[in-house]
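What follows is a short report on a single structure.
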Amino acid sequence: MTLGVELREGFKISFAAVMANKVRAVLTTLGIIIGIVSVTLMGAAIEGLNRAFQNSISSLGADVLYIQKWPWVAGEEWWRYRNRRDIKPEYAETIKKDATLASAVAPVQGRMGTVKYGDLTASNVQIFGTTADYALVTGMDMADGRFFTDQEGRGDRPLVVIGGDVASKLFPNQDPVGKTIKINGLSFRILGVYSKQGSFMGMFSLDNRVIIPLGEFEKMYGREYGATIQVRVVSQKEMDDAKEELRGIMRKLRKLAPDQPDDFSINQQDLLTNAFGKITGVVGAVGIFVTALSLFVGGIGIMNIMFVSVTERTKEIGIRKALGARRQTILLQFLIEASLICLSGGIIGLGLSYPLSMLVDKFLPTAMPVSLAIIAILISLLVGVISGIVPAYRASRLDPVEALRYE
Amino acid sequence: MSNENTDAAANGKVIELIKVSKIYDMGAEVQVQALSEISLTIEKGEYVAIMGPSGSGKTTLMNILGCLDTPTSGKYLFNGIDVSDMDDNELARVRNRGIGFVFQTFNLIPRSDALHNVELPLIYSGIGVEERRARAKKMLEMVGLGERIHHKPNELSGGQRQRVAIARALVNNPAIILADEPTGNLDSRTGDEIMTFFEELHAQGNTIILVTHEEYIAEHAKRIIRIRDGRIESDLPIEKNHKAQMTKAAEKVQK
């Protein structure tokens, strides 16, 4: 008996057997469906978070260094950084002059505030004070109008560049460029609108922001406020060297003695990527393990029902053996039956998880790549084979004389 | 037409048992000797009935003859091939190619239609769809069920079911047909029909072994082997068997 004939026959028999016990098959499949749904949803959530993170993090720029008081990934020693002196925006001037590996340097100050135009109000808007270099550091594109020039950025003229969210809130039906808006009660003329940058991890929008010259910002909020100095490095290959160079300049600016530790942090995108990778790695492993438990329970259900199926069909197995079915033929028949139940569970589960992941996407970013679907199908098949193997083996070992006598 | 059949034609002996014993281990060092040193030869084309009361070892003998079980000691040559030490899969092959079973309870697969039931032995021989379908159909027509090939067993009468089983037994051209109480679950009229059918098969040259405890069923055979306490009590052609029965009866009357 060739494998082809054996497989086809096994499939036919199994299909008939499953069809003969529809309710039972559906109930058994339910366990696998739930298992596959939870595993794929978990996978989709992890994949979605990773992708959202990659998208968000790219807004930080792979070739940008951030000089700040706090390190991005602090661990448990946060109190050590608390007493550091604030980073002053003026450092940017020195850095720009001395750093050979920096192509653009922008000091950035930020606060939350309210922006108004006529009757319309946008609250909880990020207000950034910076220089013209900011556009170069971030590689920001303009959707409309322009960014302020070097001259304008240095001076304290009330000019502003706004984000898409602010634009659509305050100017639903008109072109914002040239209009005058009020930020914390002061008037600013809009120079331009920058292109949409999306949101950070789906949590806050990067477009709900207005950018004004640093001088204007300091007029409103005063000078004593911790700044971030963003430095764009000439090329990504020079990141390490640039970091060393900046460190030297900063230590000189801060007048640190050689034995004193740095009292500032130079952050970069990699730090977050690594930290995030570790977190999603652990969360993913735990999540997959927990959801895999439900698949395991589903597998036990299959095994149980396969034992019932074998016992019920003892006589049939005896007949088949008497007529010349070999052990492996019987084994294959029951393995196919178990796999068939699991596979259909897997396919239904996958069919359900796709719309469900769309639903979850409203709260959490999800993504379901083809590889995840293929893995889900393979896993369901594997569960079928594993949970079918013991009952199928038992069936294949039945003594034909005993089996024929079974009523 | 398997090789076994042509071998059988060569030496004439389909079945040869040489001092075959079967001992069942019942655990706790209790052993039951179901067969003790049975020697027996059945030639091609014979129509043999095996008789015996329950517990005589008749069923054990049938299981061994049908290659469903192997002897504890002794030799069993089926078509000249020693099958006494074969493993499960080898025995399955011998059953598939060489033996056609007809059971008391028909033993059809309930979910499959008549055609598929008859196809089964051919499926396990690895014969392609078209050929096996054609052969199964031909067999069903031969047993007079050409109109009912797509009926499931529960849609057929007892006699029809047994005819499906006979078609299934014949479909792979077996060397022997082994029938275990084939009329046991049928009314007498249907039973007679089935027995007539066996006679026709015998006339066509098939080797038939009939296991029964009914005297009048065994009468259809040409040779009757009686088993008692795991031994052959008598092995006589039908005419002599008649005489022996008559004397037995006469003795009883005289007493």
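Exactly one residue out of A:Ile32, A:Ile57, A:Ile46 is touching a Cys at 6+ places or on another chain (Cβ under 9 Å), more than 14 Å from every other protein chain (Cβ to nearest Cβ) and under 25 Å from A:Val370 (Cβ atoms): that is A:Ile32. For the residues B:Ile209, B:Ile238, B:Ile224, the requirement of being within 19 Å of the chain's Cα centre (by Cα), open to solvent by less than 40 Å² (accessible area, probe 1.4 Å) and modelled with pLDDT under 90 singles out B:Ile238.
In this structure, A:Gly10 qualifies as of a type outside the set (Val, Ile, Thr), surrounded by 15 or more Cβ atoms within 10 Å (Cβ to Cβ), in contact with an Asp or Glu (Cβ under 9 Å, 6 or more places away or on another chain) and within 14 Å of chain B (Cβ to nearest Cβ).
Taken over the stretch B:82-136, residues that are among the hydrophobic types (A, V, I, L, M, F, W, C) and facing another protein chain (nearest Cβ under 7 Å) amount to 5. For the stretch B:15-58, which positions are among the polar types (S, T, N, Q) and open to solvent by less than 60 Å² (accessible area, probe 1.4 Å)? Passing the criteria: B:Ser21, B:Ser36, B:Thr41, B:Ser56.
Among the conditions (1) within 14 Å of another protein chain (Cβ to nearest Cβ); (2) open to solvent by less than 10 Å² (accessible area, probe 1.4 Å), B:Arg161 misses just one, which is (2). May I ask you to verify whether A:Thr314 is among the β-branched types (Val, Ile, Thr) and within 14 Å of chain B (Cβ to nearest Cβ)? Here the answer is yes, as A:Thr314 does meet what is asked.
Here is a yes/no grid of residues against (1) hydrophobic (A, V, I, L, M, F, W, C); (2) over 17 Å from the mean Cα position of the chain (by Cα):
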| site | (1), (2) |
| --- | --- |
| A:Thr329 | no, yes |
| A:Gln333 | no, yes |
| A:Ser339 | no, yes |
| A:Gly349 | no, yes |
| A:Pro355 | no, yes |
| A:Met358 | yes, no |
| A:Asp361 | no, no |
| A:Thr366 | no, no |
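Per this entry, A:Lys243 is not counted among residues that are open to solvent by 50 Å² or more (accessible area, probe 1.4 Å) and closer than 30 Å to A:Ala143 by Cα.
For the stretch A:116-124, state whether one or more residues are at negative phi, in contact with a helix residue (DSSP H, G or I) (Cβ under 8 Å, 6 or more places away or on another chain), part of a loop (DSSP other than H, G, I, E, B) and not β-branched (Val, Ile, Thr). Within the stretch A:116-124, not a single residue is at negative phi, in contact with a helix residue (DSSP H, G or I) (Cβ under 8 Å, 6 or more places away or on another chain), part of a loop (DSSP other than H, G, I, E, B) and not β-branched (Val, Ile, Thr). For the stretch B:49-75, filtered to residues that are away from every other protein chain (no Cβ under 14 Å) and touching a helix residue (DSSP H, G or I) at 6+ places or on another chain (Cβ under 7 Å), the residue that is farthest from B:Asp235 (Cα to Cα) is B:Gly52.
Screening the candidates A:Ser344, A:Ser339, A:Ser371 for the property of being in contact with a Leu (Cβ under 6 Å, 6 or more places away or on another chain), on the phi < 0 side of the Ramachandran plot, in a helix (DSSP H, G or I) and more than 14 Å from chain B (Cβ to nearest Cβ) yields one hit, A:Ser339.
The set of residues in the stretch A:324-334 that are within 11 Å of another protein chain (Cβ to nearest Cβ), part of a helix (DSSP H, G or I) and either of a type in the set (A, V, I, L, M, F, W, C) or more than 30 Å from B:Ile123 (Cβ to Cβ) (or both) contains only A:Ile330. Consider the stretch A:115-166 and keep the residues that are over 33 Å from the mean Cα position of the chain (by Cα), surrounded by fewer than 18 Cβ atoms within 10 Å (Cβ to Cβ) and touching a residue at least 60 places away in the same chain (Cβ under 8 Å). The one that is nearest to A:Asn208 (Cα to Cα) is A:Lys116.
Among the criteria (1) buried (at least 20 other Cβ atoms within 10 Å of the Cβ); (2) part of a helix (DSSP H, G or I), the one A:Lys169 does not fulfil is (1). Just checking, does the stretch A:53-65 include any residue being among the β-branched types (Val, Ile, Thr) and under 28 Å from A:Ile302 (Cβ atoms)? There is no residue in the stretch A:53-65 that is among the β-branched types (Val, Ile, Thr) and under 28 Å from A:Ile302 (Cβ atoms).
The values are calculated or read from the model by the stated rules, or taken from the named source; none is laboratory data. Computed from a predicted structure; not experimentally measured. Cβ atoms come from the backbone with ideal geometry, glycine included; neighbour counts cover every protein chain shown. We work out accessible area using only protein heavy atoms, side chains counted, and drop any ligands, DNA or RNA first. Shrake-Rupley method; radii C 1.70, N 1.55, O 1.52, S 1.80 Å.
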